[in-house]
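Let me begin by presenting the structure, written as structure tokens, before commenting on it.
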């Protein structure tokens, strides 16, 4: 991977930063966040402005360019990747390390007095604008909205915004109709005494209307906004997608409906003016509910006294708690996913020793096996197929320049998942196709102990996920080891593979408490720069736990693994496991055998079934 | 404990809330926070306004009185106590439970449109003012400062503000002179480019000047403020305490000093006007550093653009990391404290079966034994001496009406500590003087497992204490049990028994990372309402840990117990302990024997020594 040469681009950007055609006054710094106008994590090619200007294409990062400097903030997952992809024009700011300045503090330290800092008001979330603006103002600078995106002015071959056909999901996939979701939403609005709710996140629009799209790779969403009133529904969406008969029927666009369920379809680009009109027509006490992460531009459309901002929207919270139909769908999806991975690992075991399987071939093969499964739509993220030192690059994606051949001498880490119409998967397994070293087994076993500590944890109702994060690290910490990423994220139901409001991470505290029906990942790891990476990831469902006592009738919760793929026992140093941990592995493998075994049998995949049976032999502890 | 009858008082308060003599405009609600003008946790009798108006005298709570309602917010430690102490005029708001409204939300729900909510601007911290004011304003109400404290207007027999003599501490107790502390503070100020620092917390003033007082019970502090400039030192303090020759000498008030170390002594009451003068004289870019918990009144004295507010002050952070002299002092204090408790428990063991020892007698006896130790000053908090059901009242303090007799049939919980000139102690032991039930032993053992999990935890440098909180709960959670308080708090060095910025609690996230030299408590518990309470508390010192590997050279930390008092082995169900936990207990008891045993020997306390030796017999696991 050679870095992108950005000298000329930065020169052009610095010119437009002073060009009165694009800026009212010259800006001394320009911020390029990684998001799109919906604050999506995964974005369409036309929105990859930060990657365009810097070369760094990881999922998280913010670039800031001043007259003299170009700096990139990203987190521990991407330190290595960002360092590889950016040229010497750029300074890497390692977030989470003690001495790394915040973007605001850095700006204050480098800017000349009375500077203007520009940013696209549609891209920057309102909460971030507020925080930055305050710090900059108190240091004598100004954060200013630059209407025209300055990257777009220099990006001559910028791709078009996608506008792909929609998929409608019926009750057998969603469990609840869009009409009932609107009713529930309006009741939450009434509770908080708000008259309007603005849906800005793409997965929230998709979830609310039981529609899916493919405008963004890996995330089955489509570019749209919605504005829900107590008596109106407005959907802002482009293209002739609304001409499609199944979509018209699904949304009942041509039916005679009570007016409060009649959907008004409007152009995507008209959201700002429509919202400004809503804002202008409000009478006192009429509030408009927005996410505090909605763009600054949309938030400003509503006059301040009428805004009701919350970190999590009622849709985000409702979406996180999966209903019985969604949970069953997620189970089905994970069984199919396990079938594909049993096929893959069986195939790898035979092929790797021949020296012909590269990271890219392995990733493609994983996709091939998945695509054979019913209701497969696409992958849920770019497959992390990494062997040896590449495994230490936490969010690695193999490209021809880095593509390494799998061998019997190196650890192989595969983090992959798919979108099926009935659910979203995300699983990581770390395998050795030869003989792992004692040290590799030791590290793997600590990671496994952490994985089990979270998966088997019992905790009271009302517990926030971040309080479980240390359980995943304890065995590593005991030996002075750690990993620089969170332990888990929420997972959507045929939606984004990363979703709020729950998760398991020491970095957050504003997560919502875990509730039965929520689905998160459990993925501790260990990474040794330059040699190997280990991660063990299951998607797990929050379920009620039976306990001996039931303190103050609060009830308890625990996790049930939805992922049912064998954990390579060859990598386990059994002497480091407690009896309880050993039993956990054996019970987990027994369940893989029963559930996935039956499906392999049903699909006539006998060789993969034999592989599964062999890989799920119980561990026997030598006392 | 019968509740305080508050009908008449509330009537009087509601009258002054409308009396133009005291309020510019009538206020529809009046907030009575628990703090004083320094946001102290422990307050002088003249500042106990919330207890006066409600009867509830726990250390934490906020009262709000409206025309119709009187409500009290407090946390899990005090649910039972508050319910006992307040009459039916009051509604208890249980903080931390899901359905309890915040003060702001509650006010919005009960107030008529356009209400004024009054509060004493010297008592409410600026951060809290800001938060409340914002929510109230957005709901059409106003938070207004009421200059005259309305409680004081109806509190006819309010005691006088104390003004006791000061104690000077030399280098053999503090390790660092006040002059060097000022130099270090000014260097932190220079780093942040601030010109002034306002010391508002009483323990910060005491620490900075190496002085102690006794204006507030249990906390060796005195009423004072300080304003430190780059070239000036102003100490605001009342009374003739500054006439005392040792104090004058200690502060070098009569010496010829470089002007930047010359202390100007000013009246306590002049802080506001002096600060306003500082505020008025600032030139652009001259900032004034205050805690964001400083009172609204003092914060407002500095015009907004000149304020530099942080959650923790540089003094708070410096004070938390104890130097070698302070650490040695803390060790000495804990050995003396252990001697006193060995004497006490030996005495209780003989006396309890006679049926003559009440909770108050036991508490007094504990104080008597402590007062025999060198450099004893006073207790560090009101002794929690509680048996049977009283043990479930987490911050119980025995009074004649509740005073229960210790017996061989009930669990006894003693949470006590002292101020010695060389250190502050805080220890809880839970004992049974007869035969505990299997269930009591089971619960005790879960609490012990939690205590050990924290005490023996190894974690990377930079870890915040709140991430260790779940370790203390895991064994309880497994059985569906829990406790509704944090696991640990920072402890001062001959200073407040509760101090920031570190701690171990799920309730917080803004704690500063743990550092070698910090001192915290480790005190999980379990409380069964109406029957018993269990808590096991040691004060522990953060120390570097040696680990097998050293991930990215970050270094690791662990804890060393400073408290060396036997944990009653009779209460332990050894079958529930792992081998590692069993070894921890045995090693801990071995250290108690060696260190405290030697001191008991030296002090000629042979009977207590025999008790210690018996109580520290190693546990033997039956396999």
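For the condition outside the structural domain of residue A:203 (by the TED database), out of contact with any helix residue (DSSP H, G or I) (no Cβ under 7 Å at 6 or more places or on another chain) and part of a strand (DSSP E or B), residue A:399 does not qualify. The residue that is farthest from the chain's Cα centre (by Cα), counting only those in the range B:507-533 that are modelled with pLDDT of 95 or more and within 10 Å of chain A (Cβ to nearest Cβ), is B:528.
Let's see how each residue does on (1) closer than 23 Å to residue B:19 by Cα; (2) surrounded by 21 or more Cβ atoms within 10 Å (Cβ to Cβ):
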| position | (1), (2) |
| --- | --- |
| B:61 | no, yes |
| B:69 | yes, no |
| B:82 | no, yes |
| B:88 | no, no |
| B:92 | no, no |
| B:99 | no, no |
| B:106 | no, no |
| B:112 | yes, no |
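Taking the conditions (1) surrounded by fewer than 17 Cβ atoms within 10 Å (Cβ to Cβ); (2) part of a loop (DSSP other than H, G, I, E, B) in turn, residue A:15 satisfies each one other than (2).
Residues in the range B:458-470 that are more than 7 Å from every other protein chain (Cβ to nearest Cβ) and touching a residue at least 60 places away in the same chain (Cβ under 8 Å) were compared, and the one that is nearest to the chain's Cα centre (by Cα) is B:463. Go through the range A:64-101 and report how many residues are part of a loop (DSSP other than H, G, I, E, B) and either under 15 Å from residue A:52 (Cα atoms) or in contact with a helix residue (DSSP H, G or I) (Cβ under 8 Å, 6 or more places away or on another chain) (or both). Of the residues in that region, 9 qualify.
Residues are listed down the side, and each one gets a yes or a no for (1) without any contact (Cβ under 8 Å) to a residue 60 or more places away in the chain; (2) closer than 21 Å to residue A:10 by Cα; (3) assigned by the TED database to the domain that holds residue A:299:
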site	(1), (2), (3)
A:76	no, no, no
A:92	yes, yes, no
A:98	yes, no, no
A:111	no, yes, no
A:126	no, no, no
A:135	yes, no, no
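Could we say that residue A:455 is within 14 Å of chain B (Cβ to nearest Cβ), farther than 26 Å from residue A:320 by Cβ and at pLDDT 95 or above here? Taking the combined requirement at face value, the residue does not satisfy it. Checking every residue in the range B:225-235 against the condition of being at positive phi and in contact (Cβ under 8 Å) with a residue 24 or more places away in the chain gives zero matches.
Any residue that is touching a residue at least 60 places away in the same chain (Cβ under 8 Å) and within 22 Å of the chain's Cα centre (by Cα) - is there at least one of those in the range B:356-378?
Keep residues of the range B:356-378 that are touching a residue at least 60 places away in the same chain (Cβ under 8 Å), which gives B:377-378.
Now drop any that are not within 22 Å of the chain's Cα centre (by Cα), which leaves B:377-378.
Taking every residue of the range B:356-378 in turn, at least one turns out to be touching a residue at least 60 places away in the same chain (Cβ under 8 Å) and within 22 Å of the chain's Cα centre (by Cα).
Being assigned by the TED database to the domain that holds residue B:562, in contact with a strand residue (DSSP E or B) (Cβ under 6 Å, 6 or more places away or on another chain), at pLDDT 95 or above and surrounded by fewer than 23 Cβ atoms within 10 Å (Cβ to Cβ) is the requirement here; does residue B:375 meet it? In short, yes. What's the number of the only condition in (1) in a loop (DSSP other than H, G, I, E, B); (2) more than 10 Å from every other protein chain (Cβ to nearest Cβ) that residue B:484 fails to meet? Unmet for residue B:484, out of (1) in a loop (DSSP other than H, G, I, E, B); (2) more than 10 Å from every other protein chain (Cβ to nearest Cβ): (2).
Per the conditions (1) closer than 30 Å to residue B:543 by Cα; (2) surrounded by fewer than 17 Cβ atoms within 10 Å (Cβ to Cβ), the sole criterion not satisfied by residue B:283 is (1). Of note, residue B:492 does not satisfy the criterion of being more than 11 Å from chain A (Cβ to nearest Cβ), free of Cβ contacts under 8 Å to residues at least 40 places away in the same chain, within 29 Å of residue B:292 (Cβ to Cβ) and surrounded by 20 or more Cβ atoms within 10 Å (Cβ to Cβ).
Would you be able to tell me the number of residues in the range A:125-138 that are crowded, with 18+ Cβ neighbours inside 10 Å and touching a helix residue (DSSP H, G or I) at 6+ places or on another chain (Cβ under 6 Å)?
Our first condition is that a residue be crowded, with 18+ Cβ neighbours inside 10 Å; within the range A:125-138, this holds for A:125-126, A:128-129, A:132-133, A:136.
Applying the additional criterion that residues be touching a helix residue (DSSP H, G or I) at 6+ places or on another chain (Cβ under 6 Å) yields A:126, A:129, A:132.
Summing the residues that are crowded, with 18+ Cβ neighbours inside 10 Å and touching a helix residue (DSSP H, G or I) at 6+ places or on another chain (Cβ under 6 Å) in the range A:125-138 gives 3.
Here is a yes/no grid of residues against (1) modelled with pLDDT of 95 or more; (2) more than 21 Å from the chain's Cα centre (by Cα):
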| residue | (1), (2) |
| --- | --- |
| B:182 | yes, yes |
| B:191 | no, yes |
| B:206 | yes, no |
| B:215 | yes, no |
| B:228 | yes, yes |
| B:247 | yes, yes |
| B:252 | yes, yes |
| B:257 | no, yes |
| B:263 | yes, yes |
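Considering only strands (runs of 3 or more DSSP E) fully contained in the range A:243-339, which possess at least 2 residues that are within 30 Å of residue A:517 (Cα to Cα)?
Values: elements: A:263-266, A:288-291, A:307-310.
The qualifying strands (runs of 3 or more DSSP E) are A:288-291, A:307-310.
Starting from residues that are touching a helix residue (DSSP H, G or I) at 6+ places or on another chain (Cβ under 7 Å) and in contact (Cβ under 8 Å) with a residue 40 or more places away in the chain, keep the ones in the range A:497-506 and report whichever is nearest to the other protein chains (Cβ to nearest Cβ).
So the first thing to find is which residues in the range A:497-506 are touching a helix residue (DSSP H, G or I) at 6+ places or on another chain (Cβ under 7 Å), and the list is A:499-506.
Those left that are additionally in contact (Cβ under 8 Å) with a residue 40 or more places away in the chain: A:499-502, A:504-506.
Values: A:499: 22, A:500: 17, A:501: 15, A:502: 15, A:504: 11, A:505: 11, A:506: 5 Å.
Top of the filtered list is A:506.
Might you check whether a residue that is under 20 Å from residue B:445 (Cβ atoms), under 25 Å from the mean Cα position of the chain (by Cα), within 14 Å of chain A (Cβ to nearest Cβ) and buried (at least 20 other Cβ atoms within 10 Å of the Cβ) occurs anywhere in the range B:534-555? Yes, there is a match, as at least one residue in the range B:534-555 is under 20 Å from residue B:445 (Cβ atoms), under 25 Å from the mean Cα position of the chain (by Cα), within 14 Å of chain A (Cβ to nearest Cβ) and buried (at least 20 other Cβ atoms within 10 Å of the Cβ).
Among the helices (runs of 4 or more DSSP H) contained in the range B:122-185, which hold 2 or more residues that are farther than 27 Å from residue B:322 by Cβ and more than 14 Å from every other protein chain (Cβ to nearest Cβ)? Spell out how you get there, then give the answer.
Details: elements: B:126-138, B:150-154, B:171-174.
In the range B:122-185, B:126-138, B:150-154 are the helices (runs of 4 or more DSSP H) which contain 2 or more residues that are farther than 27 Å from residue B:322 by Cβ and more than 14 Å from every other protein chain (Cβ to nearest Cβ).
Evaluate the following for residue A:522: is it farther than 25 Å from residue A:366 by Cβ and in contact with a helix residue (DSSP H, G or I) (Cβ under 7 Å, 6 or more places away or on another chain)? Spelling it out, it is not the case that residue A:522 is farther than 25 Å from residue A:366 by Cβ and in contact with a helix residue (DSSP H, G or I) (Cβ under 7 Å, 6 or more places away or on another chain).
The values are calculated or read from the model by the stated rules, or taken from the named source; none is laboratory data. The shown structure was predicted, so the numbers you read here are calculated from the model rather than taken from an experiment. Positions of Cβ are backbone-derived with ideal geometry, glycine not excepted, and every protein chain shown enters the neighbour counts.
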